[in-house]
Amino acid sequence: MIADAFSQFGQVTKATIIMDKGKNTSKGYGSVTFSTEEEAQKALTEMNGKLLDGRVLFVDNVRPSRRYNTDVPLARLKIH
């Protein structure tokens with residue numbers, strides 16, 4: 001559902017909902033990765049504060065991790 005909702009802004013390469021393994025329920029947040037930074041920024045602007053499946057989305061940029069090559073911008077958003 002998350003990938004479908006965000007795909008209107010560009011090519012979604014990955015969409016993940018973080019699950020509580022013990023309860024097998026959503027922890028209430030996840031991430032969406034786009035093929036370009038421009039697509040991610042458009043999705044952030046358009047989807048932040050919108051309703052999806054009865055829940056308000058709060059969309060933020062993901063800070064680059066030291067584990068990743070920092071020369072390549074991440075086009076990833078955090079949804080909570």
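Brief remarks follow.
- Within the range 29-36, the presence of a residue that is touching a Ser or Thr at 6+ places or on another chain (Cβ under 9 Å) and at pLDDT below 85 is excluded.
- Filtered by the rule that a residue be hydroxyl-bearing (Ser, Thr, Tyr) and in a loop (DSSP other than H, G, I, E, B), the range 3-49 gives SER35, THR36.
- Among the residues of the range 27-40, the ones that are open to solvent by 60 Å² or more (accessible area, probe 1.4 Å) and under 19 Å from LEU52 (Cα atoms) come to 2 in all.
- Looking only at the range 41-80, and only at residues there that are aliphatic (A, V, I, L, M) and open to solvent by 30 Å² or more (accessible area, probe 1.4 Å), the one that is modelled with the lowest pLDDT: VAL72
- For beta carbons closer than 7 Å, sequence separation of 6+ or different chains, a first residue in the range 48-73 that is hydroxyl-bearing (Ser, Thr, Tyr) and a second that is at pLDDT below 90, the qualifying pairs are TYR68/LEU74; THR70/PRO64.
- Count - residues of the range 6-27 that are under 22 Å from GLU46 (Cβ atoms), touching a strand residue (DSSP E or B) at 6+ places or on another chain (Cβ under 8 Å) and of a type outside the set (Val, Ile, Thr): 6
The values are calculated or read from the model by the stated rules, or taken from the named source; none is laboratory data. Given the structure is predicted, the values throughout are model-derived calculations rather than measurements. Every residue, glycine among them, receives a Cβ derived from its backbone with ideal geometry; neighbour counts consider all protein chains shown. For accessibility, only protein heavy atoms count, side chains too; no ligands or nucleic acids. Shrake-Rupley method; radii C 1.70, N 1.55, O 1.52, S 1.80 Å.
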